[in-house]
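The values are calculated or read from the model by the stated rules, or taken from the named source; none is laboratory data. Predicted, not measured: the structure shown is a model, and the values here were computed from it. Quick reminder, even Gly has a Cβ in these numbers, built from the backbone with ideal geometry, and neighbours come from all protein chains shown.
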Amino acid sequence: MKFFILISFLTTSFLLAHTPDGRVQTRTSGKSGSNGDFSHNWSTSRPDSHAPIGVMGDHTHGAGEFMLSYRYMFMRMEQNYNGDHSIADSSFAGPPPAPFRVAPTDMEMRMHMLGAMYAPTDRLTLMGMCNLVDLSMNHRNLANGMQFKTESSGMGDSSLTALYHFWDGQGRIQQERAHLGLGILLPTAEVDKQDVIPGPGTTRLPYPMQLGAGSWGISPSLTYLAQIPDWSWGGQLSARIYLANNDEGYHLGNSWKATAWAGRRLNEWLSLSARLTGSTWGNISGRDANLLPLPVPTADPKRRGGSRLDGSLGLNLQIPGTGARIGLEVGAPLWQDLDGPQLGSEWWTILGSQFAF
């Protein structure tokens, strides 16, 4: 998969170098508020006027505009890592004196993300998001050869966010803008999921099989966007900072993310994008007292932190004459360093639709 991503980056670079016929005409987005027009000639009708579909809170709206969105995300995790290299399951799991008897072998996450945005003014856009999560993880007991699977599903974390459009820039050929975001993380995720595990029977599942943080927190962000007639680019800095333990007595480690992308308009309704994302996150603080000391690394709160660099390719489709968009993005880690043993990411994809009115 990593080889595929690298080859695709080279292919995309060739495609991005091809200039389509004609130049897009920009138009003012939204309406002028009482504090003046903050949009200048920024074009919202271009397919690349939004970031790749995997970037959340990437744009603002004009006064009085609404947008509804749906995203489906799939992520697959394989191979256990300790630091920046994969390790054999037998190196940490097996009969005593091995520290663990059970090794996770792979995991899949499916997430349905529902969102809504509304702009009461040209400066301010309000956004809400909620998630439905479906998780599954396969395990192997290296002490006796038994294999088993655990599953969980239900409501994930939610958020309410304010995006403040504070700056516009206008150069000789480029249009630029930037906005700040501040989100409230709502403790809606279920973090007491159970399943049947050989031996203990029905019991509390380890941390990565819970459906989110389940904690109050904040999510600040800073986003920059730019466009010229056939190109666009941007970047975003964001964080998730948890303020208190959840109902089970712990909270996830804070996370920090930096992402940058470039998009190429192929025609009036289709664009391609390439994106790099660096992220780092801490270990769990506290411990779930209802989680048995299972002989598997996923039950250890000090083996959940790490850092990762992802590369991804995407496309945006603007349906002509409507406020509807479709986006697709596929990515894979180019590098990861995990507090292991911990399953590493293998690849992920996001497919989404947006409708503004």
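Scan segment 100-138 for residues that are without any contact (Cβ under 8 Å) to a residue 60 or more places away in the chain and more than 26 Å from the chain's Cα centre (by Cα) and jot them down.
Within segment 100-138, just PRO120 meets the criteria.
So is ALA226 without any contact (Cβ under 8 Å) to a residue 40 or more places away in the chain, in a strand (DSSP E or B), aliphatic (A, V, I, L, M) and surrounded by fewer than 20 Cβ atoms within 10 Å (Cβ to Cβ) or not?
No; evaluated as a whole, the condition is false for this residue.
How many residues are under 30 Å from SER45 (Cβ atoms), without any contact (Cβ under 8 Å) to a residue 60 or more places away in the chain and among the small types (Gly, Ala, Ser) when one looks only at segment 285-322?
Qualifying residue count, segment 285-322: 1.
Return yes when THR188 is farther than 20 Å from SER69 by Cβ, surrounded by fewer than 18 Cβ atoms within 10 Å (Cβ to Cβ) and not acidic (Asp, Glu) and no when it is not.
Answer is no for this residue.
Can you confirm whether GLY234 is touching a residue at least 24 places away in the same chain (Cβ under 8 Å), part of a strand (DSSP E or B) and either under 30 Å from PRO295 (Cβ atoms) or not basic (Lys, Arg) (or both)?
yes
With the structure loaded, tell me whether LEU182 is in contact (Cβ under 8 Å) with a residue 12 or more places away in the chain, assigned to a strand (DSSP E or B) and surrounded by fewer than 15 Cβ atoms within 10 Å (Cβ to Cβ) or whether it fails that test.
yes
Looking only at residues in segment 78-119 that are small (Gly, Ala, Ser), part of a loop (DSSP other than H, G, I, E, B) and farther than 19 Å from ALA299 by Cβ, which one is modelled with the lowest pLDDT? Break it down stepwise before answering.
At the first step, the residues of segment 78-119 found to be small (Gly, Ala, Ser) are 83, 86, 88, 90-91, 93-94, 98, 103, 115-116, 119.
Going one step further and asking which of them are part of a loop (DSSP other than H, G, I, E, B), we end up with 88, 94, 98, 119.
Next, from what is left, pick out any that are farther than 19 Å from ALA299 by Cβ: 88, 119.
Numbers: ALA88: 95, ALA119: 98.
Looking at the filtered set, the residue picked out is ALA88.
Can you tell me which condition ASN131 does not meet? The list is (1) modelled with pLDDT under 95; (2) crowded, with 18+ Cβ neighbours inside 10 Å; (3) of a type outside the set (Val, Ile, Thr), and all the others hold.
Answer for ASN131: the failing condition is (1).
I'm told ASP192 meets every condition in (1) over 24 Å from the mean Cα position of the chain (by Cα); (2) within 30 Å of ALA98 (Cβ to Cβ) except one. Can you identify the failing condition by its number?
Result: ASP192 fails condition (1) only.
Tell me, which residue of segment 254-269 that is of a type in the set (Lys, Arg) and touching a residue at least 24 places away in the same chain (Cβ under 8 Å) is surrounded by the most Cβ atoms within 10 Å (Cβ to Cβ)?
Looking at residues that are of a type in the set (Lys, Arg) and touching a residue at least 24 places away in the same chain (Cβ under 8 Å), I get ARG265.
Return the residue satisfying two criteria in turn: it lies in segment 139-153 and is surrounded by 15 or more Cβ atoms within 10 Å (Cβ to Cβ) and assigned to a strand (DSSP E or B), and of such residues it is nearest to the chain's Cα centre (by Cα).
Filtering segment 139-153 for residues that are surrounded by 15 or more Cβ atoms within 10 Å (Cβ to Cβ) and assigned to a strand (DSSP E or B), the one nearest to the chain's Cα centre (by Cα) comes out as SER152.
Residues checked against (1) surrounded by fewer than 16 Cβ atoms within 10 Å (Cβ to Cβ); (2) touching a strand residue (DSSP E or B) at 6+ places or on another chain (Cβ under 9 Å); (3) modelled with pLDDT of 95 or more:
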{"position": "SER279", "(1), (2), (3)": "no, yes, yes"}
{"position": "LEU294", "(1), (2), (3)": "no, yes, no"}
{"position": "LYS302", "(1), (2), (3)": "yes, yes, yes"}
{"position": "GLY306", "(1), (2), (3)": "no, yes, yes"}
{"position": "ILE319", "(1), (2), (3)": "yes, yes, no"}
{"position": "VAL330", "(1), (2), (3)": "no, yes, yes"}
{"position": "GLN336", "(1), (2), (3)": "no, yes, yes"}
{"position": "GLN342", "(1), (2), (3)": "no, yes, yes"}
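Filter segment 135-172 down to residues that are touching a Phe, Trp or Tyr at 6+ places or on another chain (Cβ under 9 Å) and among the charged types (D, E, K, R) and give me whichever is modelled with the highest pLDDT.
The qualifying residue modelled with the highest pLDDT is ARG140.
Please work out which residue is nearest to the chain's Cα centre (by Cα), limiting yourself to segment 60-99 and to residues that are of a type in the set (S, T, N, Q) and farther than 15 Å from ASN138 by Cβ.
So the residue we want is SER69.
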